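Structure, as structure tokens:
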Amino acid sequence: MVIVAGHIAVEPEQREPYLAGCVGVVEQARRAPGCLDFVIAADLVDVGRINIFERWESSAAVEAFRGSGPSDQQSTAMLSASVAEYEIADVRSLT
């Protein structure tokens, strides 16, 4: 399993338009083969932060979906990004 997690920073007034532009990406990702979960969401405390969380069956599934990355408009809105990919060897359910 692969987890992609982190956050991006945008100007506070750009957060809602940025998120609105991500709706199609989230819908596509959730339909993609190997996608277990995909979330792009506003942070509850920091008005300029957008949290990223993705869970995939494999690195190959991530790469098949990823393509060229964010659109030019999304890249322009980003002030910074801190997102990493983690390969997970074992999972323990907490529920």
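Where a number appears in this text, it was derived from the coordinates with a stated rule and is not lab data. None of these values were measured; they are calculated from a predicted model. Glycine also receives a Cβ, built like all others from the backbone with ideal geometry; neighbour counts cover every protein chain displayed.
Descriptive notes on the structure:
- Amide H contacts for VAL83 (H built 1.01 Å from N in the peptide plane; partners 5 or more residues away or on another chain; cut-off under 5 Å): HIS7.
- Whole-Hz couplings from phi, Karplus 6.51/-1.76/1.60, listed for the stretch 23-38; x for Gly and Pro: 4, x, 5, 4, 4, 5, 4, 5, 8, 5, x, x, 7, 9, 6, 7
- Mean ellipticity per residue at 222 nm, deg cm²/dmol - from DSSP H runs of n ≥ 4 across the chain, formula -39500 (n - 2.57): -9500 deg cm²/dmol
- Per DSSP, loop trypsin sites (Lys or Arg not before Pro) in the stretch 8-95 with at most 13 further Cβ within 10 Å: ARG92
- Counting other Cβ atoms within 10 Å as a rough exposure proxy, the listed residues SER59, SER93 run SER93, SER59 from fewest neighbours to most.
- Diffusion coefficient, µm² s⁻¹, Stokes-Einstein with Kirkwood Rh over alpha-carbon pairs of the stretch 2-87 at 10 °C and 1.306 mPa s: 121 µm²/s
- In order through the stretch 4-20: 3J(HN,Hα) via Karplus (6.51 cos²θ - 1.76 cosθ + 1.60), integer Hz, x for Gly, Pro: 10, 8, x, 8, 10, 10, 9, 4, x, 6, 9, 4, 5, x, 4, 5, 4
- Projecting the Cα atoms of ALA42, ALA84, VAL25 onto the charge dipole of the stretch 1-87 (Cβ charges, centred on the Cα centre) puts VAL25 farthest toward the positive pole.
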